[in-house]
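Asker: There's a structure below that I have some questions on.
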Amino acid sequence: MVKKIKHGKKQEAVWSYKVDHPLASASEVAKATNTSYGYVYKLFQKISTPKEVFEAEAASSPGPRLYLRGDILDTAKQYVDTDRANEHGDMEDNFNMIADYWNIHLGLIEFIKAEDVGVMMALLKIARTHSNSANPDNYIDAAGYMACSAELAVNED
């Protein structure tokens, strides 16, 4: 059973974990504190880190963090398995609304389906790899979008 943390306690848990694990990414902190990635990311955006800290960290770091294929998939799984509905609403409802907006914008009638939204969003992430192939978020998000589309397509009536 997952224990829900109240907002103040949730923020306290995030900062406490970050203090104990200063190099932890937003996704690592979210997983460890059972909070959403979006919530942790927004908290991290509220603070700034002095340049000296980044320089010291870079000097002491043995190199860039390695992302293995399992890490990419595990992180994508964490994103799609966490309760993002509280933050963003129901995935299927959102994909249907996006499909409706895209159809209206393109002058189409029910041509784009909900499962197409995830595929097209994955294509957006794939396109972004051309300008920044070293950003793991592009790969993580693309995998997550494809998983959402697969769920919608496979479970369709």
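Every number in this text was worked out from the coordinates using simple rules, so none of it is lab data. As the structure is a prediction and not an experimental result, all values here were calculated from the model. Neighbour counts run over all protein chains shown; Cβ positions are idealised from the backbone, glycine included.
Asker: List the extent of the Cα atoms of region 67-157 along each of their three principal axes, largest first, rounded to whole Å.
Answerer: 41, 30, 24
Asker: Most exposed first by the Cβ proxy, i.e. fewest other Cβ within 10 Å, how do L106, L43, L123 rank? Don't skip to the answer; put the middle values down first.
Answerer: Working: L106 10, L43 17, L123 13.
In increasing order of surrounding Cβ atoms, one gets L106, L123, L43.
Asker: Another question, if that's okay. How many nm is it between the label spots at S133 and D20, if each spot is 7 Å from the Cα in line with the beta carbon?
Answerer: 3.9 nm
Asker: In addition: So how strong a dipole does region 67-157 carry about its Cα centre when Lys and Arg Cβ are +1 and Asp and Glu Cβ are -1, to the nearest 20 debye?
Answerer: Values: 6 positive and 17 negative charges, 113 e Å.
Using only the charged Cβ atoms, the result is roughly 540 debye.
Asker: Sticking with this structure for a sec: Can you put D93, D74, D141 in order, fewest other beta carbons within 10 Å first?
Answerer: On the way: D93 12, D74 15, D141 20.
The most exposed by this proxy come first: D93, D74, D141.
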